[in-house]
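A short write-up of the structure that comes next.
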Amino acid sequence: MKNRMRHQSRNPVWGVKNRLSSSRTKKFTILLFISWLCASARIMAVPACPEGAKVTQPDGTEITIYLRGDEYRHWHESKDGFLIAKKGKKRFHHEDAV
């Protein structure tokens with residue numbers, strides 16, 4: 001066994017192969033870890049609450065708005081499905097179709 005180990009350590013080709021495979025293994029491990037991080041971030045997105053929220057406009061009218069989407073992409077809708085945009089801090093209005 002000792003002779004074999006001594007022979008492998010003297011062989012320059014064996015040392016290069018070992019370093020290359022070690023380098024490939026490290027790169028593959030890093031790539032796998034990065035792809036796992038990216039995938040897990042998208043998997044953990046939480047959907048918006050389906051219940052509506054009553055909002056009082058500055059002129060006194062009360063409307064119910066629904067938050068749709070998840071934590072990365074979200075928007076407001078009215079009860080009948082129209083897009084609602086927030087203008088300023090407290091004013092909501094129907095957004096025109098594009």
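The values are calculated or read from the model by the stated rules, or taken from the named source; none is laboratory data. Quantities reported herein were computed from a predicted structural model and do not represent experimental measurements. Backbone-built Cβ (ideal geometry, glycine too); neighbour counts: all protein chains shown.
General observations
- Looking only at residues of region 69-83 that are within 25 Å of the chain's Cα centre (by Cα) and at pLDDT 80 or above, we find that the one that is surrounded by the fewest Cβ atoms within 10 Å (Cβ to Cβ) is 73.
- Cross-chain or 6+ apart pairs with Cβ under 9 Å, region 46-68 first and loosely packed, with under 12 Cβ neighbours inside 10 Å and in a strand (DSSP E or B), then modelled with pLDDT under 85 and not polar (S, T, N, Q): 47/70; 47/71; 56/90
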